[in-house]
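Chemist: This structure is in structure tokens; I'll ask about it shortly.
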Amino acid sequence: MVRQQYTTTTDGSSLERPERQYVYNIGIYGWRKRCLYLFVLLLLIVLVVNFALTIWILKVMWFSPSGMGHLRVTSEGLRLEGESEFLYPLYAKEIRSRVDNSLHLHSSQNVTVNARNSEGQITGRLTVGPGLVETHGQQFQINSDKGKMLFSVDEKEVLVGTDKLVVTGPGGALFEHSVETPLVRADSSKQLRLESPTRSLSMDAPKGVYIKAQTGEIEAISRRDIKLQSSDGSVSDLHR
């Protein structure tokens, strides 16, 4: 809106008549003003809804200054209480449970633990699946709580570090290659039987082979010859 202002003077006056002055009144009127108010109202509604959703998410997810839900951020790392489900692989330097609780790992298919080197290559793997426990690595070793080696396996040999290895199966133990042990003994109520169905059976020792039956007999059965040979000494009957 433009408004014109005029100034009049009387006759004989020395005042000059000023030029016309225009005054502009700037503003929003009519439907533009109503649209602006409506837009501001909608913006306030959106802000209120967003604020309410933020409060609801914080409440549902249990956000706190120390973490989210059962997940707490401590100086030693992350602390998770209760049960959790991981949909993707979990990478961690150390996983341990509380002092008074045990650590359980559950999966509908299998549980796989991988060890990688600095280049990301897998150097060891332990897989626990339905009816199968499988491990991949250069060596598999089981130690006692005192650090003593109990069982060790690699590509060349199998070591048993216990004081005694007991085989309780009715079929005994089957070895396709040589066995190194200082003593082979049966249970006091059972017989000891060494058998080679299709090949020869030999017993060697650097200081001698000692065979003894305390309460029974010693029987040697062969389809062909039975040879007792001594390279430096003699074969004799001690009871003769």
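Chemist: Could you give every pair whose Cβ atoms fall below 6 Å, whose first residue belongs to segment 191-211 and is in contact (Cβ under 8 Å) with a residue 40 or more places away in the chain and of a type outside the set (A, V, I, L, M, F, W, C), and whose second residue is outside any loop (DSSP other than H, G, I, E, B) and surrounded by 10 or more Cβ atoms within 10 Å (Cβ to Cβ), counting only separations of at least 6 or pairs across chains?
Modeler: Nothing qualifies.
Chemist: Now a separate question. Among the residues that make up segment 199-216, is at least one of them at pLDDT below 80 and more than 27 Å from Ser236 (Cβ to Cβ)?
Modeler: The answer is yes; a qualifying residue exists.
Chemist: Go through Gly169, Gly216 for me and flag whichever is closer than 27 Å to Leu150 by Cβ and either out of contact with any Pro (no Cβ under 7 Å at 6 or more places or on another chain) or surrounded by 10 or more Cβ atoms within 10 Å (Cβ to Cβ) (or both).
Modeler: Matching residue, one of Gly169, Gly216: Gly169.
Chemist: Would you please name the residue that is nearest to Gln141 (Cα to Cα), looking only at residues in segment 155-176 that are in a loop (DSSP other than H, G, I, E, B) and aliphatic (A, V, I, L, M)? Let's see the steps before the verdict.
Modeler: Filtering segment 155-176 for residues in a loop (DSSP other than H, G, I, E, B) gives 155-157, 161-176.
Applying the additional criterion that residues be aliphatic (A, V, I, L, M) yields 165-167, 173-174.
On the way: Leu165: 16, Val166: 19, Val167: 20, Ala173: 21, Leu174: 22 Å.
Going through the qualifying residues, I end up with Leu165.
Chemist: Just to be sure before I move on: is Leu183 surrounded by 10 or more Cβ atoms within 10 Å (Cβ to Cβ) and under 26 Å from Lys207 (Cβ atoms) in the structure I sent?
Modeler: no
Chemist: When residues of segment 175-198 are filtered for being among the basic types (Lys, Arg) and at pLDDT 80 or above, how many remain?
Modeler: 2
The values are calculated or read from the model by the stated rules, or taken from the named source; none is laboratory data. This one's a predicted model, so the numbers in the text were calculated from it and none came from an experiment. Positions of Cβ are generated from backbone atoms using ideal geometry, with glycine treated the same way; all protein chains shown enter the neighbour counts.
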